[in-house]
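Colleague: Quick one: the structure is below, questions incoming.
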Amino acid sequence: MRQKIDFGIDLGTTNSAIAYMQDGEALIVKSDDNQMDTTPSCIAFNKKQTIFVGLSAKNAIEREAISAFKNRKENTDINGYQEFKRTMGTDFTYTSSYMSRSYTSEELSAEVLKKLKGYVLNEDVASAVITVPAMFKQSQLDATQRAAKLAGFKYCELLQEPIAASIAY
């Protein structure tokens with residue numbers, strides 16, 4: 001059975017992006033909040049148990065940090081996360097006091113992948129190539145596959161970033 005893959009995703013530690021090929025040219029799908037090429041790989045939650053992904057999450061994280069600094073609070077509850085890709089494939093969890101539960105890096109990464117999929121209008125993004133660092137261990141690759149499945153991908157191929165760059169060249 002052939003798996004048609006029309007989309008490529010850079011699930012980055014700091015920023016992420018989704019692109020596709022059209023007439024031999026790679027086109028990046030712009031974000032829905034500010035029409036940028038990349039989306040911050042950030043997740044935040046609020047008291048109403050709403051999840052924010054991307055720029056709105058990054059802004060919430062920055063507001064939380066500024067508020068904690070101004071109020072000289074060191075042990076404030078954290079409800080925004082970034083750079084969670086660094087813990088892919090480990091049992092580390094991120095606890096949100098607003099959500100009354102913990103999240104794995106795969107679950108947080110899945111939210112970023114869902115956000116990226118949402119930028120593509122009028123098409124169901126069921127499969128994609130996701131680039132991963134060359135240094136990723138098998139546990140991290142497996143975690144990335146789980147994140148893709150949680151995000152609703154039926155098929156996901158992982159490609160090491162240096163290989164992706166050489167193919168593009």
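The values are calculated or read from the model by the stated rules, or taken from the named source; none is laboratory data. Since this is a predicted model, take the numbers as computed values, not measurements. Here the Cβ positions follow ideal geometry from the backbone for every residue, glycine too, while neighbour counts run over all protein chains shown. For accessibility, only protein heavy atoms count, side chains too; no ligands or nucleic acids. Shrake-Rupley method; radii C 1.70, N 1.55, O 1.52, S 1.80 Å.
Colleague: Work out, step by step, the length gained on full extension between Ser139 and Gln35: first 0.36 nm times the residue separation, then minus their alpha carbon distance; give nm to one decimal.
Modeller: 34.1 nm
Colleague: Which aspartates and glutamates, if any, have their Cα less than 15 Å from the Cα of Lys149, not counting same-chain residues under 8 positions apart?
Modeller: Glu106, Glu107, Glu111, Asp124, Glu157
Colleague: Sum -39500 (n - 2.57) across every DSSP H segment of at least 4 residues in the chain, then divide by the residue count to get the 222 nm mean residue ellipticity, nearest 500.
Modeller: Calculated at 222 nm, the ellipticity per residue is -9500 deg cm²/dmol.
Colleague: Just to make sure I understand: if all protein chains stay in place, what is the order of Glu25, Glu83, Glu106, Glu64 by accessible area at 1.4 Å, largest first?
Modeller: Putting Glu25, Glu83, Glu106, Glu64 in descending order of accessible area: Glu25, Glu83, Glu64, Glu106.
Colleague: Count charges around Tyr81 for me, please; just the other residues with Cβ under 15 Å from its Cβ, Lys/Arg as +1, Asp/Glu as -1.
Modeller: Neighbour charge sum, excluding Tyr81 itself: -1.
Colleague: Sort Lys47, Lys114 by heavy-atom solvent-accessible area, probe 1.4 angstrom, most to least.
Modeller: Highest to lowest solvent-accessible surface, that is Lys47, Lys114.
Colleague: Something else about it: Test of understanding: in a Gaussian network model of the chain with alpha carbons linked when under 10 Å, which of Thr14, Thr39, Thr144 would top the mean-square fluctuation ranking?
Modeller: For the chain, modelled as a Gaussian network with Cα springs under 10 Å, the answer is Thr14.
Colleague: Also, quick follow-up: Distance cut-off 20 Å, Cα to Cα: go down the list Lys85/Lys114; Lys30/Lys58; Lys58/Lys137; Lys70/Lys115 and report the pairs above it.
Modeller: Result: Lys58/Lys137; Lys70/Lys115 exceed 20 Å.
Colleague: What number, in percent, do you get for the relative contact order of the chain if the mean sequence gap of Cα pairs under 8 Å and at least 6 apart is divided by its residue count?
Modeller: Normalised by residue count, the contact order of the chain is 23 percent.
Colleague: Note the full-extension length gain between Asp124 and Thr50 as 0.36 nm times their separation in residues minus their Cα-Cα distance, in nm to one decimal.
Modeller: Residue separation times 0.36 nm, minus the Cα-Cα distance, leaves 24.2 nm.
Colleague: What whole-number value in Å² describes the accessible area per residue of the chain for a 1.4 Å probe?
Modeller: With the other protein chains kept in place, the chain gives 61 Å² per residue.
Colleague: Can you tell me the relative contact order of region 1-59? Whole percent, Cα pairs under 8 Å, sequence separation 6 or more.
Modeller: Over region 1-59, the number comes to 23 percent.
Colleague: Taking the chain as the reference, fit the longest principal axis to its C-alpha atoms, fit the long axis of helix 55-70 to the helix C-alpha atoms, and give the angle between the two in degrees, 0 to 90, nearest 10.
Modeller: Between the helix axis and the principal axis of the chain, the angle is about 20 degrees.
Colleague: Another question, then. Can you give me the % of accessible surface on the chain that is carbon or sulfur? Probe 1.4 Å, all protein chains present, nothing else counted.
Modeller: On the chain, the fraction of accessible area on carbon and sulfur atoms equals 52 percent.
Colleague: Then there's this: Of Asp23, Asp6, which has the most accessible area with a 1.4 Å probe, and how do the rest follow in descending order?
Modeller: Highest to lowest solvent-accessible surface, that is Asp23, Asp6.
Colleague: In addition: With axes computed from alpha carbons, what is the tilt in degrees of helix 138-150 against the longest principal axis of the chain, rounded to the nearest 10 within 0 to 90?
Modeller: Roughly 90 degrees, rounded to the nearest 10.
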